[in-house]
Amino acid sequence: MKFGIITFPGSNCDHDMVHVLRDVVNCEVHEIWHRDTKLPGLSTEDCIVLPGGFSYGDYVRAGAIAHLAPIMTAVSAHAAKGGLVLGICNGFQILCEAQLLPGALVRNAKQKFIGKDIFLRIETVDSHLTNQYEKHDVVRIPIAHAEGRFICDHDTLDQMQTNDQILFRYCSSSGQLGHEFNINGSLESIAGICNSSRNVFGMMPHPERASESQLGNTDGLKMFLSMIKKQNQTVGKTAELSV
């Protein structure tokens, strides 16, 4: 499995992501510029990552300009063919603006930037990102955002709940949900979701910042390992069927 990491003007987590995927989990990584129009060396068996940062200075609103970048046509086509796409923080915002994920990310409830470690509860294990966890496991992951409050209409929320699309919720260290643990005021404490086809994923917290023992936290590493293991299993099954 290979990864393509897209850099937009203002991305600041792209090199972090390259390091974790290339040097920590030992995957082949392709660095892609926002003005590119193709995903060279990558197929639908691979994953495109939209990293965190402040693309185009977050002008207009976070992700609003980036989703119009030339490379996003190729990203949308990749997703439409079943290829994996992961957006983290600003990447999540871009995917919502591009309508590859439902809902939107708006200003935090207290109108302030928040940068700190928080706790997430795993809401489903039926995803590439979470299949190596147990349901309701709790992990500690950093956040760093000012526009991370997830919102959507009631029909969209009902559909997401029915389809098991909610990946993570903000919680206490013991997994309790509540207003006091909902760090940015997101609807239903939602911190991460996937699309109905389960191949596009978005989350506001930064697992790449919690993937090495040198940083004192490896809670995020299992998300990348989950993705790699799940995709390798999927590709293996496809190969068996084609023999």
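Only the coordinates and a few stated rules stand behind these numbers; no lab work does. Predicted, not measured: the structure shown is a model, and the values here were computed from it. With ideal geometry, Cβ positions are generated from the backbone for all residues, glycine too; neighbour counts draw on all protein chains shown.
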Under 17 Å from the 7 Å Cα→Cβ point of residue 151, by amide nitrogen: which residues of region 51-94? 60-64, 93-94
Residue 137 versus residue 28, label points 7 Å from Cα toward the beta carbon: distance in nm? 2.8
Could you tell me which of 105, 201, 216 has its Cα farthest along the dipole of region 96-243 towards the positive end, charges placed at Cβ (Lys, Arg +1; Asp, Glu -1), taken about the Cα centre? 216
Name the residue, out of 27, 171, 13, whose mean-square fluctuation peaks in a Gaussian network model built on the chain with Cα pairs under 10 Å. 27
Residue 232 versus residue 163: modelled label distance in nm, points set 7 Å from Cα along the beta carbon direction: 2.9
With the dipole of the chain defined by +1 on each Lys or Arg Cβ and -1 on each Asp or Glu Cβ, the option from 56, 168, 80 whose Cα lies farthest towards the positive pole is 56
Counting pairs of alpha carbon atoms under 8 Å apart in space and at least six apart in sequence, what relative contact order in percent does region 2-242 give? 19
Zone of residue 59 (label point 7 Å along Cα→Cβ, backbone N under 17 Å): which residues in region 79-115? none
Determine the percent antiparallel among the DSSP beta bridges restricted to region 2-242, to the nearest 5. 60
Order by neighbour count: 224, 119, 150, fewest other Cβ atoms within 10 Å first, most last. 119, 224, 150
With label points set 7 Å from each Cα along the Cα-to-Cβ direction at residue 19 and residue 73, the distance between them in nm comes to 3.5
What residue among 148, 115, 53 shows peak mean-square fluctuation when the chain is described by a Gaussian network model with Cα springs under 10 Å? 115
